[in-house]
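Working notes, structure below.
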Amino acid sequence: MTKEDLIELALLGSQECEAEEEATNIYVDLAEHLITRGHASTITEIDTILKGMTVEDASTMLSIIHGEVLEEGHKEIATGEEMDAEGYMLLRQLATVEESLNRIRTYVGGDSMIQLPAWVQAKMAVAATDIDTVADYLLSSADPAPKK
């Protein structure tokens, strides 16, 4: 298998890459990087992030992990000359939001008359507005993110 094939296998997730030792090693390197950088804290989150990455993004991350890339082109990214792989961060944050929403739904249990402290109501209103604003922007942007 080529390195690209191994990376592609690793991006499929923890269980899918177990059959190939080199792909598992790549998965572990990527997972450790995501955990140490605070982007993920569970295997489910890691798998969600990796499934949203391209082979090129993962290859770049592996180069950084192994010290092959010394610095990121911040000026090029800021001016739009170069793209920065931020998709994995977004996927991790979405996984966190989804997990938190499921925990809240479990707590509320469908009780529309549940009484909550004012600060909880305020935080939920702000969070809902912020998430809705991001969704509106991403879905209506004149320059949408490239699709894979």
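The values are calculated or read from the model by the stated rules, or taken from the named source; none is laboratory data. None of these values were measured; they are calculated from a predicted model. FYI the Cβ positions are ideal-geometry reconstructions off the backbone, even for glycines, and counts take in every protein chain you see.
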Number of positions in segment 16-33 that are out of contact with any Ser or Thr (no Cβ under 9 Å at 6 or more places or on another chain) and crowded, with 20+ Cβ neighbours inside 10 Å: 3
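Considering only segment 5-28, how many residues are in contact (Cβ under 8 Å) with a residue 24 or more places away in the chain and under 16 Å from the mean Cα position of the chain (by Cα)? First the steps, then the outcome.
Filtering segment 5-28 for residues in contact (Cβ under 8 Å) with a residue 24 or more places away in the chain gives 7-8, 10-14, 26.
Of the ones still in play, those that are also under 16 Å from the mean Cα position of the chain (by Cα) are 10-14.
Count: 5.
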Select from segment 2-15 the residues that are surrounded by fewer than 17 Cβ atoms within 10 Å (Cβ to Cβ) and either within 18 Å of V55 (Cβ to Cβ) or assigned by TED's automatic domain parsing to the domain that holds L94 (or both) and list them in ascending order. T2, K3, E4, D5, L12, S14
Scanning segment 35-51 for residues that are at pLDDT 85 or above and surrounded by 18 or more Cβ atoms within 10 Å (Cβ to Cβ), the one farthest from T96 (Cα to Cα) turns out to be L50
Scan segment 94-103 and tell me whether some residue there is at pLDDT 85 or above and in contact with a Lys or Arg (Cβ under 8 Å, 6 or more places away or on another chain). no
Taking Y27 as the residue in question, decide whether it is at pLDDT 90 or above, in a helix (DSSP H, G or I) and assigned by TED's automatic domain parsing to the domain that holds V126. no
Can you name the condition, by its number, that A85 falls short on among (1) within 16 Å of the chain's Cα centre (by Cα); (2) surrounded by 12 or more Cβ atoms within 10 Å (Cβ to Cβ); (3) at pLDDT 85 or above? (3)
